[in-house]
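The values are calculated or read from the model by the stated rules, or taken from the named source; none is laboratory data. In this text, all values refer to a predicted model and were calculated from it rather than measured experimentally. Cβ sites come from the backbone with ideal geometry, for glycine too, and all protein chains shown count toward neighbours. Please note that ligands, DNA and RNA were not included when accessible areas were found on the heavy atoms of the full protein model with its side chains. Shrake-Rupley method; radii C 1.70, N 1.55, O 1.52, S 1.80 Å.
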Amino acid sequence: MACSLLPVPDISRPLVLKKLSSSPKLWTLLGLRCPCHFKTKPSLSLTKAVYTQNFSLPLSRDKIEPDQDPISLLNERIRRDYNKRDASRTVMDSKEAEKYIQLVKEQQQRGLQKLKGDRQPKKNGGFSYKVDPYSLRSGDYVVHKKVGVGRFVGIKFDVPKDSPNPVEYVFIEYADGMAKLPLTQASRLLYRYNLPNETKRPRTLSKLNDTTVWERRKTKGKVAIQKMVVDLMELYLHRLKQRRPPYPKSPSMAEFEAQFPYEPTPDQKQAFIDVGKDLTERETPMDRLICGDVGFGKTEVALRAIFCVVSAGKQAMVLAPTIVLAKQHFEVISERFSMYPEMKVGLMSRFQTKAEKEEHLHMIKNGQLDIIVGTHSLLGNRVVYNNLGLLVVDEEQRFGVKQKEKIASFKTSVDVLTLSATPIPRTLYLALTGFRDASLISTPPPERVPIKTHLSAYSKENVISAIKYELDRGGQVFYVLPRIKGLEEVMEFLEQSFPTVEIAIAHGKQYSKQLEETMEKFAQGEIKILICTNIVESGLDIQNANTIIVQEVQQFGLAQLYQLRGRVGRADKEAHAHLFYPDKSLLTDQALERLAALEECRELGQGFQLAERDMGIRGFGTIFGEQQTGDVGNVGIDLFFEMLFESLSKVEEHRVISVPYQSVRVDLNINPHLPSEYINYLENPMEIINEAEKAAEKEIWSLMQFTENLRRQYGKEPYSMELLLKKLYVRRMAADLGIKRIYASGKMVGMKTNMTKLVFKLITESMVSDVHRNSLVLEDDLIKAELLLELPREQLLNWIFQCLAELHASLPALIKY
């Protein structure tokens, strides 16, 4: 809320206070006695005679810069926190919050039940990321939950003091000595120390005899996790609050479903049911992830959702990461909807002329196109939808950050269906923990044959042998490189080796018409070998291409390799994926681990497990944002994820219930009197004081804006005005933290609160100042602070202001309803 501060008055004129309220409270704020206390009306000279304090005020506002005083520092922090928040989110009352938190808990349970892979559920419903000590190699870094980061030395038998029988011990090296743990204890408390970047080396090893540094690191990670969880929670609650009428069940849906030429697998049937219920039975917009391996029938799920929405008179958008994939989607949809001429399908691409694009934009805006297929250009500001109902996103991990943000903005207003064979880790974890619904299609169609994966060092003989085998059986070959630079060199080599075979190059920097023609010829079988970059990674369906060669395999991410391998094996022929790496001595540990994971997951339908494996290996930045990477480094990925699951399962316990601003009492007996010069300097001082009170009552953001506007207009305020502002800030922050009363008694400061012990522990642990943290204790409903000496009232207000500012900084980690 921007306050209305008027121009600086000419202070050579006498001060006239117009229309002053008779409220004693406001007169006291200004340091005046209310007229109601005078037997006769005071004159202006009497009013001015009340002041004794001298106050010199600078008249040039241009030169005034507020110092980095406590209020400025607090304002900076408030601005940072608010900039990270989604401005469109609405505030909920407590009853709504209770209802939605319960819904989230149910969602979490459903998500956790669907978890697949080797993470074993614990008895309490969480998940264990602890490491099996036998799987460790000497030199591996590990995390002990209570001690911190150490280096694994080995396992050997030793005889304990209290028993004659030898026991297996795990030996771990720390910065100040060697620790030995019984094997049973190590299994409960040890985690592998993985980091999101290439190196797995921690900054330092922890100390056995001083765990304070480790405890601080763990607390920092815990608070970071809480902030992430609360942010996800608020987004989810905001989406649940959106409403749209359920779609009618179209009578022609059965006819549309009958056109599907295959017998659906059990998983596919379940996905059809899940999406159908989301659209026709729920009143909240759908946000569902369909996770299925390549060729397992995800597209059919999307087609049925599109038919349901378009039948009800709404538009559907299908978003693909590449134009090649968008064109393929367009062709599949056009063919499938050919029996319904009233449903118009359009393709937006960079291959179109300007006139064609303008015509499509016009048709979308006027509702003449029902299904719009395209790349990220569909997310541009020029595309105005007439009545958008459904967004289908294929391979979300291929889009950039800005496009992902734009996709996220759709999720609160339209139904969203995301298709992916290897979801980005963020998507996967949302699915697993109930902030997003997921349907898993892990059963292969009966005719599918597993892809044979061959991982070996590069040699020209192996390449020629692999290509010759495929060509001899009448098939086609993908030859993939990580960069455009080496494509021509490979072309020369293959033209010499196979002079009679049609070979072509495809990459994203080619002219659009040229690329389109090349892909078309390959799809038609005219081109036998396609040398390309990972432009073919997603979705391309060429039945006759059943061998893929990937050179410089260490340059690709695990998800990319999995997708590339899925380009083949779409028919009933046995498919081959040949992954070639240079000399192994040149590869990083991370690249070797990536390759080993791909070999392990050679069976069909393992994209879901693979994505989870990939999270421990690939960059963490895509999971919850770059700023969390440092917090993961504090404790390692495995312990970080376990803490995340724990936090998600107890999300409703980290809740602070604010109290109304007007109900907060600050009993400190401080009534600062403003200097007469400052009152002369202000125009309409009563109005300004009123504005300050209104801003504080609304929210802390409004109070921050008021203070900054005041300083911009009139410069840095005198000390008495600063005390007055601090009193307003204290009251506002107390209301936000659920503190109803603040008072002082001798050396003790008391704050009556509704805060739980768990919330109090979390916010005090994250306080920066040891002085404030060590002085606070919670007894029943009272936060007490024992000071070393009884402070003068003004210093006491400053102390409380600083203390509450630190407590308030933890609010982003708490649910605030």
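Using θ = phi - 60° and the Karplus curve 6.51 cos²θ - 1.76 cosθ + 1.60, what whole-Hz ³J(HN,Hα) does each residue of the stretch 710-716 get, with Gly and Pro shown as x?
Karplus-based 3J(HN,Hα) across the stretch 710-716 equals 4, 5, 5, 7, 10, x, 5 Hz.
How charged is the neighbourhood of Ala258? Take every other residue with its Cβ under 15 Å from the Cβ of Ala258, and add Lys/Arg as +1 and Asp/Glu as -1. Could the numbers behind the result be given before it?
On the way: positive: Lys269, Arg304, Arg336; negative: Glu255, Glu257, Glu263, Glu300.
With Lys, Arg at +1 and Asp, Glu at -1, the net is -1.
What is the distance in Å between the Cα centroid of the stretch 552-579 and that of the stretch 678-730?
Cα centroid to Cα centroid, the span is 64 Å.
For the stretch 714-797, what is the relative contact order in percent, using Cα pairs closer than 8 Å and at least 6 residues apart in sequence?
Relative contact order, the stretch 714-797: 28 percent.
Would you kindly derive the ³J(HN,Hα) couplings of the stretch 282-296 from the backbone phi angles with the Karplus curve 6.51 cos²θ - 1.76 cosθ + 1.60 (θ = phi - 60°), listing them in order in whole Hz, with x for Gly and Pro?
9, 9, 9, x, 6, 9, 10, 9, 9, 9, x, 4, 4, x, 9
Given a 1.4 angstrom probe, what's the average accessible area per residue across the stretch 675-817, in square angstrom? Mind dumping the intermediate values first?
Details: 5270 Å² over 143 residues.
On a per-residue basis, 37 Å².
Considering only C-alpha atoms, what is the centroid distance from the stretch 473-497 to the stretch 318-360, in Å?
Going from one Cα centre to the other spans 30 Å.
Amide H to amide H, which residues 5 or more places from Tyr479 or on other chains are under 5 Å from it, using H placed in the peptide plane?
It is Leu530, Ile531, Cys532, Ile549, by chain and number.
Relative contact order for the stretch 358-408 using alpha-carbon pairs under 8 Å, separation at least 6, rounded to a whole percent?
Numbers: 26 pairs, mean separation 18.8, N = 51.
Here the relative contact order equals 37 percent.
Non-local amide H neighbours of Ala438 (under 5 Å, H modeled in plane, Pro and chain starts lacking H): which ones?
Correct list: Leu289.
Over the stretch 259-418, what is the mean sequence separation of C-alpha contacts under 8 Å (at least six apart), divided by residue count, expressed as relative contact order in percent?
Working: 223 pairs, mean separation 48.4, N = 160.
This gives 30 percent for the stretch 259-418.
Among 523-533, 486-496, how do they line up by average Cβ neighbours within 10 Å per residue, starting with the highest? Mind dumping the intermediate values first?
Numbers: 523-533: 20.3, 486-496: 13.6.
Most protected by this proxy first, the peptides run 523-533, 486-496.
Summing +1 for each Lys or Arg and -1 for each Asp or Glu, what net charge is found among the other residues whose Cβ lies under 13 Å from the Cβ of Thr753? Intermediate values should be presented prior to the final figure.
On the way: positive: Arg665, Lys740, Arg741, Lys752, Lys757, Lys784; negative: Asp736, Glu779, Asp780, Asp781.
Around Thr753, the surrounding residues sum to +2.
What net charge is computed for the residues neighbouring Arg243, neighbours being all others with C-beta under 12 Å from the C-beta of Arg243, Lys and Arg scored +1, Asp and Glu -1? Display every interim value, and only then the final one.
Details: positive: Arg239, Lys241, Arg244, Arg282; negative: Glu283.
Neighbourhood net charge equals +3.
Please list the non-local residues whose amide H lies under 5 Å from the amide H of Ala545, H modeled 1.01 Å from N, same-chain partners needing a gap of 5 or more.
Gln476
Per-residue HN-Hα couplings for the stretch 455-471, Karplus 6.51 cos²θ - 1.76 cosθ + 1.60 at θ = phi - 60°, whole Hz, x for Gly and Pro?
Couplings: 10, 7, 5, 5, 8, 4, 4, 5, 5, 4, 4, 5, 5, 4, 4, 6, 5 Hz.
Taking the mean number of other Cβ atoms within 10 Å as a proxy for protection, how do you rank 636-642, 201-207, 167-173 from highest to lowest?
Details: 636-642: 23.0, 201-207: 14.4, 167-173: 19.0.
Sorting 636-642, 201-207, 167-173 by mean packing, highest first, produces 636-642, 167-173, 201-207.
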